[in-house]
Amino acid sequence: MNIFKKLTVAAAASALALLAIPASADTRIALVVKSLGNGFFDAAAKGADEAAAEIGGIEVIYTGPTAATAEGQIEIVNALIAQRVDAIAISANDPDALVPVLKKAMDRGISVISWDSGVAAEGRQMHLNPSDTALIGETIIKLAADYLPDGGDVAILSASSTAANQNSWIDAAKAAMPTKFANINLVATVYGDDDSVKSTDEAKGLIASYPNLKAIIAPTTVGVVAAAQVVTDEGLIGKINVTGLALPSEFKQFIDNGSSKAVALWNPIDLGYSAVYIANALASGSVTAAPGATISIGHVGEITLDESNSAAMAAPFTFDASNIEAFSKIY
Ligand code: RAM
C-alpha cells in the first residue's frame, strides 16, 4: 500500500471510529480530589460510584494530581473543561488559586461545587462541609485534652498550608482553647502536605524540637498515620499520644499498639456519595444553589444552604479501642 492509500484508509478508519461513538447520554461528573493515592479520597470515590449507580446515567471521573497542589488541580480542571464534563466536584488545595479556572468552567455551563476543602464563593455554586467547622475544631483539640488531665504541650501536623478545610479546623481549635482547654499549650503548627514522606519528616522535627511534647494532633488522614508511625518507631508510645482525623482502615494498627488513644472522622463514603448526588442535581437543573435552599442527598438525607451557599453534614464520630475494628472494615 502506498503512503497516500495508507493515509486515506487511516482517515476513513478514524472517521468511522468517530461515527461509531454514540453521543454520551451520561451526565459526566468529575470528582477532583486533592491528590491521588490518598485512602480518604478513594473511600469518597466509592461513595461517588454508589451515587452514580443509584441514580443511573452518570459517569464519575475520579481524578486529581499526584501531589496535593493547586497547580496540579488547575491543569486537571482545564482538561475537564476541554472534555466538556457536566459537573465538577472539587476538594481544593487552595481556596483562591482555583477560582479563575473554576469560574471559566461555570462560564462554559459546567456545574461546580466544592466539597471537603472549599473554594472561595465566587469559584463555586456551593460548598459541602463534612461537618460543622467549629465542632471539628473543638473535637480535634478535645481528643488530645481528654488524655491530658494536667494539660501540656501539643503540636499540630496539618496537610498543606493552603488547604481551606484544615486551616478552618485549626482556627476553630485555637478559638476553643482559651476557654475550654486552658491548660493545653499549642507549641507549633507544621505542614506535611498530605505527603507521607514530608509528614514523617515534620513529625520527627516536632519531636526533636519540643522535648515536652505530649500529643501530636494531625487533622489529616495522611499526617496522622505518619505521626503515629514515627512515635511507634522512636519508642515513644505512652509518652506522645497521636490523635486527629484518621481513616479507621489505615489507623487501626495505631490504636492497637497504643500510639493513639482515639481519633475521629466522618463517613467519607457518604461524603463522596453526597458530592456526586448534589453535583448531578445542579447539572440537571432540578435544584438551584441559593441561600436557604434545601437539597436532597438521597439515602444520606438533605442539606440546607446557609448565607454563603455552604452546608454541613453529620457530626464527627470518635474511634477508639472499643469500635475501630468494626469501622476499619467499612472505610
Ligand atoms: C486528608 C485530606 C482531606 C481531609 C482528611 C481528614 O485525607 O486532607 O482533605 O478531609 O484528611
Can Gly235 be described as within 30 Å of Gly151 (Cα to Cα), touching a residue at least 12 places away in the same chain (Cβ under 8 Å) and not in a helix (DSSP H, G or I)? no
Which pairs turn up if I take residues in region 144-166 that are under 16 Å from Ser259 (Cβ atoms) and open to solvent by 30 Å² or more (accessible area, probe 1.4 Å) and look for partners that are part of a strand (DSSP E or B) and among the basic types (Lys, Arg) with beta carbon separation below 9 Å, at least 6 apart in sequence or on another chain? Tyr147/Lys214
All positions within region 136-178 that are within 18 Å of Asp116 (Cα to Cα), assigned to a loop (DSSP other than H, G, I, E, B) and acidic (Asp, Glu): none
Out of Ala173, Ala159, Ala188, Ala163, I need the residue that is more than 16 Å from the chain's Cα centre (by Cα) and within 16 Å of the ligand (Cβ to nearest atom). Which one? Ala173
Of all residues in region 59-74 being assigned to a loop (DSSP other than H, G, I, E, B), open to solvent by less than 30 Å² (accessible area, probe 1.4 Å) and out of contact with any Phe, Trp or Tyr (no Cβ under 9 Å at 6 or more places or on another chain), which is nearest to the ligand (Cβ to nearest atom)? Ala68
Being within 13 Å of the ligand (Cβ to nearest atom) and in a strand (DSSP E or B) is the filter; apply it to region 216-232 and report the residue that is farthest from the chain's Cα centre (by Cα). Ile217
Would you mind listing the strands (runs of 3 or more DSSP E) fully within region 254-331 where at least 1 residues are touching a His at 6+ places or on another chain (Cβ under 9 Å) and open to solvent by less than 60 Å² (accessible area, probe 1.4 Å)? 310-312
Among the listed residues Tyr331, Tyr273, identify the single one that is closer than 24 Å to Ser111 by Cβ and aromatic (Phe, Trp, Tyr). Tyr273
Among the residues of region 199-215, write down those that are assigned to a helix (DSSP H, G or I) and open to solvent by 70 Å² or more (accessible area, probe 1.4 Å). Asp201, Lys204, Ala208, Ser209
Assess whether Val224 counts as being closer than 25 Å to Ser328 by Cβ and in contact with a Lys or Arg (Cβ under 8 Å, 6 or more places away or on another chain). no
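The values are calculated or read from the model by the stated rules, or taken from the named source; none is laboratory data. Predicted, not measured: the structure shown is a model, and the values here were computed from it. FYI the Cβ positions are ideal-geometry reconstructions off the backbone, even for glycines, and counts take in every protein chain you see. We work out accessible area using only protein heavy atoms, side chains counted, and drop any ligands, DNA or RNA first. Shrake-Rupley method; radii C 1.70, N 1.55, O 1.52, S 1.80 Å.
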